[in-house]
Amino acid sequence: MTESPDGSERVPSRDRRRFPGISSRSYEHPADRSALVALRKLSGFDTVFKTLSGLLPERSLRLLFLSDSVRVGEQQFAHLNDMLRDACHILDLEKVPPMYVNQDPQPNAMCIGLDEPIIVVTTGLVELLDEEEMRAVIGHEVGHALSGHAVYRTVLLFLTNLALKVAWIPLGNVAIMAIVTALREWFRKSELSADRAGLLVGQDLEASMRGLMKLAGGNHLHQMNVDAFLKQAEEYESGGDLRDSVLKILNVLPRSHPFTTVRAAELKKWAASRDFQRIMDGHYPRRDEDKDASVSDSFKDSATHYADTVRNSKDPLMGLVRDIAGGAGDLGGKLRDSVFRGGSRSGGSGPAGGKGSGGANGSDGSGSAEK
């Protein structure tokens, strides 16, 4: 950020389009937006969540970061402070959230808090990304703050920790994990929303792509290629048979974030969309219109998104869903061929060799960056 000649106003450090009064609805993923609009329409919902503040470890987290991390400001990590103020200026977020740098070699960033959001980035992330890549990350976290994600993310963090503590209680963990699983599904969609906010702040798609590649493969850009990286996402979606489709679901359920290649593909697709271009041209929902947002319209957008996903997906399971919806004649044959595709058969009775398909890798996604 730089100051105007009279010192009264800060403006972006390079020429970027600003979005006065922009509503988070303009960049939110349809599944994320429909859930949030519905929650916000519930009378007293936010009040109920905030009454949990006595149970949630928010105060201890704030004290922990204040006492054992470095608070970003004009005298500490000044370049990050400039990027933070820049991001808030572009997205027209009046109150700049406090931001901390935490010593941790794992590249990570998060936005949490009930009363007020706070942003935390790790030293691993600061050392991994260049300036434009980091700008997209900070825009990502400011997008979370503008969307009000911090409250729900804090609740998820608390419930995840609680689930670990009560895992030994018979049935005690089942109900909590059901809630955690539902919140994680929303959380993954909220990450796609925040990636879009990061692009609106950085306004540099290549930098956003580089940042996601580095999260996947480290600081070895000379060994990586964006087109090849995106091709991985296409191969992941379309490859394999029904067994692989099931394993994909099992692999993603414990994760709080979508897979990195999928995030890159989703962001590139949105950057090429009419919706993105309209925002860049200054046509977007305003914050002062949020109170009039239609819940039914948001659910229609979400339903349309999922319908388009099923219709256009190359995943074998989604293909089977289309066949079922279309009333495929030889559904049993299609199912058999899909499951055993590529495997040898003996007399048509089943796969030979008895090879197992393996299971989910069991990863809880803790190694993936919060960004």
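The values are calculated or read from the model by the stated rules, or taken from the named source; none is laboratory data. The model shown is predicted, which means the values in this text are computed figures rather than measured ones. Heads up, the Cβs are rebuilt from the backbone with ideal geometry, glycines too, and the neighbour counts pull from every protein chain shown. These area figures cover heavy atoms from the full protein model, side chains too; ligands, DNA and RNA do not enter into them. Shrake-Rupley method; radii C 1.70, N 1.55, O 1.52, S 1.80 Å.
Below are the figures for this structure:
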quantity	calculated
Test: residue in the stretch 231-239 that is part of a helix (DSSP H, G or I), within 14 Å of the chain's Cα centre (by Cα) and not small (Gly, Ala, Ser)	no
Every residue from the stretch 74-124 that is part of a loop (DSSP other than H, G, I, E, B), over 20 Å from Phe187 (Cβ atoms) and open to solvent by less than 20 Å² (accessible area, probe 1.4 Å)	Leu91
Candidates Ala145, Ala87 - the one that is out of contact with any strand residue (DSSP E or B) (no Cβ under 8 Å at 6 or more places or on another chain) and of a type in the set (Gly, Ala, Ser)	Ala87
Matching residues, the stretch 202-216, being hydrophobic (A, V, I, L, M, F, W, C) and open to solvent by less than 50 Å² (accessible area, probe 1.4 Å)	Ala207, Met209, Leu212, Met213, Leu215
